[in-house]
1. Within the range 1-48, work out how many residues are of a type in the set (Val, Ile, Thr) and exposed (fewer than 12 other Cβ atoms within 10 Å of the Cβ).
2. List pairs: first residue in the range 16-28 and within 15 Å of His50 (Cα to Cα) and without any contact (Cβ under 8 Å) to a residue 24 or more places away in the chain, second residue of a type in the set (S, T, N, Q) and assigned to a helix (DSSP H, G or I) anywhere in the structure, Cβ distance under 7 angstrom, at least six positions apart or on different chains.
3. Would you be able to tell me the number of residues in the range 1-51 that are among the hydroxyl-bearing types (Ser, Thr, Tyr) and within 18 Å of the chain's Cα centre (by Cα)?
4. Please specify each residue of the range 14-44 satisfying the condition of being charged (D, E, K, R) and not in a helix (DSSP H, G or I).
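No lab work stands behind these numbers, since they all come straight from the coordinates. Since we're looking at a predicted model, the values are computed, not measured. Using ideal geometry, Cβ is built from the backbone for each residue, glycine included, and neighbour counts are taken over all protein chains shown.
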Amino acid sequence: MLTAKELMQLEDFLGMEQNCAKTMSYFGANIHDAQTKQLFQQIAQKSQQHFQTMTKHLNAGQNLQ
């Protein structure tokens, strides 16, 4: 069981991770250097994967309770 404080921290983390993915996607879409564009796109993809993984684990934990 997670405490209310831990849940709030996880929600904050998820929000920051999603925000990072959106920001990196924006930068990747608006930069002209191909190498830098690819780097931003990779970071955005990794952030989105982190968000999805954490959400999946949190949802699985809720189903167990």
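1. Within the range 1-48, residues that are of a type in the set (Val, Ile, Thr) and exposed (fewer than 12 other Cβ atoms within 10 Å of the Cβ) number 1.
2. Pairs that qualify, where the first residue is within 15 Å of His50 (Cα to Cα) and without any contact (Cβ under 8 Å) to a residue 24 or more places away in the chain and the partner is of a type in the set (S, T, N, Q) and assigned to a helix (DSSP H, G or I), are Met24/Ser47.
3. Result for the range 1-51: 4.
4. Once the filter is applied, which keeps residues that are charged (D, E, K, R) and not in a helix (DSSP H, G or I), the range 14-44 yields only Asp33.
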